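One structure is given here, and the rest of the page talks about it.
The values are calculated or read from the model by the stated rules, or taken from the named source; none is laboratory data. This is a predicted model, so every value here is computed, not measured. Glycine gets a Cβ as well: all are built from the backbone with ideal geometry, and neighbour counts include every protein chain shown. Keep in mind that these areas ignore ligands, DNA and RNA; they rest on the heavy atoms of the full protein, side chains included. Shrake-Rupley method; radii C 1.70, N 1.55, O 1.52, S 1.80 Å.
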Amino acid sequence: MGKIAMTTPLVEMDGDEMTRILWKIIKEELLEPFVDLKTEYYDLGLTYRNETNDAVTVDAANAVKKYKVGVKCATITPNAARMEEYHLKEMYKSPNGTIRSMLDGTVFRAPIVVKGIEPCVKNWKKPITLARHAYGDVYKNTEMRIPGPGKAELVFTAQDGTETRQMIHEFKGAGVLQGMHNLDESIESFARSCFSYALDTQQDLWFATKDTISKQYDHTFKDIFQEIYDTEYKEAFEKTGLTYFYTLIDDAVARVMKAEGGFIWACKNYDGDVMSDMVSSAFGSLAMMTSVLVSPKGYFEYEAAHGTVQRHYYRHLKGEETSTNSVATIFAWSGALRKRGELDDNTKLQHFADKLEAATVNVIESGRMTKDLALITSIPAPTVLNSRDFICEIRKELEAAL
Ligand code: NAD
């Protein structure tokens, strides 16, 4: 059987530590034997980021703009310890942060659901995809400790000098004060990313805020979503039988617990921060979560939701055996290949992505898995495989399916 051809390259962003090791094995065992892989390669490993003063990260993001689809390995975000470990010239920013701000996207995270790794919430049968707005609110706030009695006001000075004032509180004693903002432009692009991704993945979209209490701030989010839905997406949603559902955040939380899953839950920044950890932990494991950055301009960047699995890497360096879960990284590749296939009308590539995912799921469901999953599975007496053997089992399954 000949290899599947690709017409347009994918942007491949290599990374760090254990995930870099997995990246190489995945390519060798699961991709290159079957696909005539066309990628434009960027090494976002910390050593090369340091050599290029992080220019490689910017180049990679620009390449995603050019080719529209990228796949990224987990990377180290430097801290003080990493400065020493890698002799860094400076404490570079998080590559994900740099890429996200250049592509102006929203990150969608979804659990990979397999039989034998059951969610803690019994009625969750299908994945719940979480979309978190990644700009503003409490993450860009200004706050103050109020020492004692006094008056706090909200003041906006327009460019022409006109002032608008509103009383916040007349303090009788000590307290706290906080100022937050958001931008119509950012909310609009968040909304468009969510509606587009819902159509793309054929899932309903839920959105919730506290607009009954926050009549300007949260209500603006609600209004912008509604307006963009009505003017740009309603027709397409109705045509495909999809629903856009808005409710209050407390009602959304209550409904999510009782739902079956199978929808996208769009969250404001803070809600998304909190709820994504709840959803991922309830579904089992960070190593079983996919993550895709979707820009309203139609760029897609796929990655695993977890980090570089540093502890396993140090064991690997000492020559010890590791059992690192490669599922989310495999799904990052399958997601990117499927999207490439869709954009290029390459059905063979799309089918390959489906088969790669099915092979991965089948291996786990047959009781062969990495240690992290063996610890939480309901499958009796699972076979624990090391990092490479797990991927090799998937290769056997894939070969049989192809
Ligand atoms: P991590 O996700 O690498 O590990 C957190 C915990 O989850 C560890 O206990 C680890 O053993 C477990 N775990 C995660 N993925 C696993 C997998 N595939 N298989 C088995 N177990 C897994 O996060 P961390 O330890 O906080 O960070 C390590 C490095 O990763 C840091 O340098 C950080 O900057 C980076 N990081 C990168 C990204 C990214 O690129 N998207 C995200 C988070 C952290």
For this session: Kindly indicate whether any position in the stretch 143-160 is under 19 Å from F300 (Cα atoms), in contact with a strand residue (DSSP E or B) (Cβ under 7 Å, 6 or more places away or on another chain) and open to solvent by 60 Å² or more (accessible area, probe 1.4 Å).
Result: no
Seminar exercise, completed: Restricting the stretch 341-366 to residues that are under 20 Å from V71 (Cα atoms) and of a type in the set (D, E, K, R), the one farthest from the ligand (Cβ to nearest atom) turns out to be D345
For this session: State yes or no: is N96 among the polar types (S, T, N, Q) and within 14 Å of the ligand (Cβ to nearest atom)?
Result: yes
For this session: May I ask you to say which residue of D277, D218, D204 is farther than 14 Å from A131 by Cβ and either of a type in the set (K, R) or modelled with pLDDT of 95 or more (or both)?
Result: D218
For this session: Count, please, the residues in the stretch 268-277 that happen to be more than 16 Å from the ligand (Cβ to nearest atom) and without any contact (Cβ under 8 Å) to a residue 40 or more places away in the chain.
Result: 1
Exercise. In the stretch 303-340, what residues are more than 13 Å from E17 (Cβ to Cβ) and either modelled with pLDDT under 95 or within 11 Å of the ligand (Cβ to nearest atom) (or both)?
Worked result: E303, A305, S323, N325, S326, V327, A328, I330, A332
Seminar exercise, completed: (1) more than 30 Å from V69 (Cβ to Cβ); (2) away from the ligand (no atom under 16 Å from the Cβ) all hold for W265 apart from (1)
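Taking the stretch 288-302 only, how many residues are aromatic (F, W, Y) and within 12 Å of the ligand (Cβ to nearest atom)? Give the steps one after another, and end with the answer.
Going through the stretch 288-302, the residues aromatic (F, W, Y) turn out to be 299-300, 302.
This time we only want the ones that are within 12 Å of the ligand (Cβ to nearest atom), so: 302.
Adding up the residues that qualify gives 1.
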Exercise. Residues in the stretch 301-316 that are more than 21 Å from K125 (Cβ to Cβ) and open to solvent by less than 20 Å² (accessible area, probe 1.4 Å): how many?
Worked result: 3
Exercise. How many of the residues in the stretch 1-24 are more than 16 Å from the ligand (Cβ to nearest atom), open to solvent by 10 Å² or more (accessible area, probe 1.4 Å) and under 20 Å from the mean Cα position of the chain (by Cα)?
Worked result: 0
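Going through S281, S285 one at a time, which residue ends up being within 16 Å of the ligand (Cβ to nearest atom), within 27 Å of I379 (Cβ to Cβ) and open to solvent by 40 Å² or more (accessible area, probe 1.4 Å)?
Just one listed residue meets the conditions, S281.
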Problem set entry | Single condition M369 does not satisfy, out of (1) of a type in the set (A, V, I, L, M, F, W, C); (2) within 14 Å of the ligand (Cβ to nearest atom); (3) at pLDDT below 95 | (3)
Exercise. Based on what the data block shows, is K27 more than 21 Å from the chain's Cα centre (by Cα), more than 16 Å from the ligand (Cβ to nearest atom) and basic (K, R)?
Worked result: yes
Exercise. Condition test on A110, is it in a strand (DSSP E or B) and closer than 30 Å to K239 by Cβ?
Worked result: yes
Problem set entry | helices (runs of 4 or more DSSP H) (entirely within the stretch 39-96) containing at least 1 residues that are open to solvent by less than 50 Å² (accessible area, probe 1.4 Å), in contact (Cβ under 8 Å) with a residue 40 or more places away in the chain and within 22 Å of T290 (Cα to Cα) | 55-67
